[in-house]
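A short worksheet on the structure shown next.
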Amino acid sequence: MSTIEKVSEEVLLEESLASNNEIVLYNDDVNTFDHVIETLIRVCDHTPEQAEQCSIIVHYKGKCTVKTGEYKELEPQCTQLLEAGLSAEIV
């Protein structure tokens, strides 16, 4: 393997790891399905169908990854979810 190939592999690996962060949304007994769906559409740019599916998964499984990407892009979205009263964190 040449040095150029090795450097390219390392860069690609670093790029893929950089976008491996996730916003995980957790179930609670406070928020309605409608509120969760509307918030996911507004904050995470979900389609109505995608937001509804995530809300159902959260309800039955307890949590769901609602967005993936780089930390710096996810942080403001996670903050908005928290400000809307939802339980979420970046992992």
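The values are calculated or read from the model by the stated rules, or taken from the named source; none is laboratory data. Model, not experiment: these values are computed from the prediction. Cβ atoms come from the backbone with ideal geometry, glycine included; neighbour counts cover every protein chain shown. Calculation scope for accessible area: heavy atoms of the full protein, side chains included, ligands and nucleic acids excluded. Shrake-Rupley method; radii C 1.70, N 1.55, O 1.52, S 1.80 Å.
In table form, for the structure just shown:
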{"read-out": "Cβ-based net charge around E38, under 15 Å, with every Lys or Arg adding one and every Asp or Glu removing one", "value": "-4"}
{"read-out": "Per residue accessible area of the stretch 19-91, 1.4 Å probe, in Å²", "value": "61"}
{"read-out": "Rh (Kirkwood; distinct C-alpha pairs) - the stretch 19-91, Å", "value": "11.8"}
